[in-house]
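These notes are about the structure you will find just below.
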Amino acid sequence: MIPRLHALRAALPLGLAALALVASAGLASAHAQYASSTPAANATVASLPSALQVTFSEELAAIQITVTGPDGSNAASGTASIDLAHRTNASLGLRDAGPGQYSVVWHNVSGDDGDPNDGAFVFTVVAPAGQAQPAPAAPPAAAPANAPATGASGAQVAPTCIDNGVKTPGISDVRVDTYCKRQAIRDKFKGQIDEKTFNYLLSIGVGLDTALDEAKEALRGGS
């Protein structure tokens with residue numbers, strides 16, 4: 001009897017670890033994540049296509065996409081639609097807003113389980129030969145990542161976070177794709193979100209808005 005008890009105790013941590021892996025896999029697959037697009041994220045193209053095509057990891061129940069041109073104007077033509085023959089695909093007509101960087105923000109609802117998700121990426125249209133390329137516009141962001149702070153005397157204080165713009169592998173949302181961008185969000189919402197939940201959701205491809213909502217819910221549930 002005693003050897004069997006020891007065997008059960010030894011197997012318990014392995015069982016719990018397996019359950020944790022299953023739960024993590026479930027969370028990771030519970031959102032329709034960005035898979036690819038045309039133009040691709042961070043791509044540079046010679047001309048603006050007539051439509052933006054985005055493919056997600058799960059079938060869609062709903063989709064919203066906004067595109068902001070280099071001049072800050074709305075570069076979308078019409079509203080985004082789901083390809084009913086291939087429901088992982090969505091498209092949106094584009095309006096030419098000139099050369100430069102275009103910012104895309106998307107929100108969707110998974111057709112598999114009804115979970116929401118969101119994300120953002122950019123692509124660049126090059127200027128015609130002989131025309132100067134506009135300076136890249138700032139990517140969509142929920143909070144300034146490295147803006148100088150102002151002290152009590154009014155003097156600027158050096159930023160506390162420096163990451164030299166190094167992108168974090170596995171995070172496609174341009175709003176949180178560096179450590180300092182994520183830290184700025186954590187600082188802004190300190191005490192309002194469960195940071196472990198927030199960090200984990202971003203690491204599995206969940207977008208900023210959805211990760212914030214679920215991290216706020218996790219904090220309320222744990223309090």
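Scanning the range 170-188 for residues that are among the small types (Gly, Ala, Ser) and not in a loop (DSSP other than H, G, I, E, B) returns a single hit, ALA184. The single residue among PRO139, PRO134 that is modelled with pLDDT under 95, surrounded by 18 or more Cβ atoms within 10 Å (Cβ to Cβ), in contact with a strand residue (DSSP E or B) (Cβ under 6 Å, 6 or more places away or on another chain) and in a loop (DSSP other than H, G, I, E, B) turns out to be PRO139.
Tally the residues that are acidic (Asp, Glu) and modelled with pLDDT of 95 or more, restricting the search to the range 61-113.
We begin by selecting, within the range 61-113, every residue acidic (Asp, Glu); these are 71, 83, 96, 112-113.
Then keep just the ones that are modelled with pLDDT of 95 or more; that gives 71, 83, 96.
Residues flagged as acidic (Asp, Glu) and modelled with pLDDT of 95 or more within the range 61-113 amount to 3.
Of all residues in the range 46-64, those satisfying the criterion of being among the hydrophobic types (A, V, I, L, M, F, W, C) and surrounded by fewer than 19 Cβ atoms within 10 Å (Cβ to Cβ) are ALA46, ALA51, ALA61, ALA62.
The set of residues in the range 189-223 that are out of contact with any Leu (no Cβ under 8 Å at 6 or more places or on another chain), among the charged types (D, E, K, R) and part of a helix (DSSP H, G or I) comprises GLU195, LYS196, ASP209, ASP213, LYS216, GLU217, ARG220.
The values are calculated or read from the model by the stated rules, or taken from the named source; none is laboratory data. In this text the structure is predicted, and so the values were computed from the model without any measurement. A quick note on method: Cβ atoms are made from the backbone with ideal geometry, for glycine too, and the neighbour counts reach across all protein chains shown.
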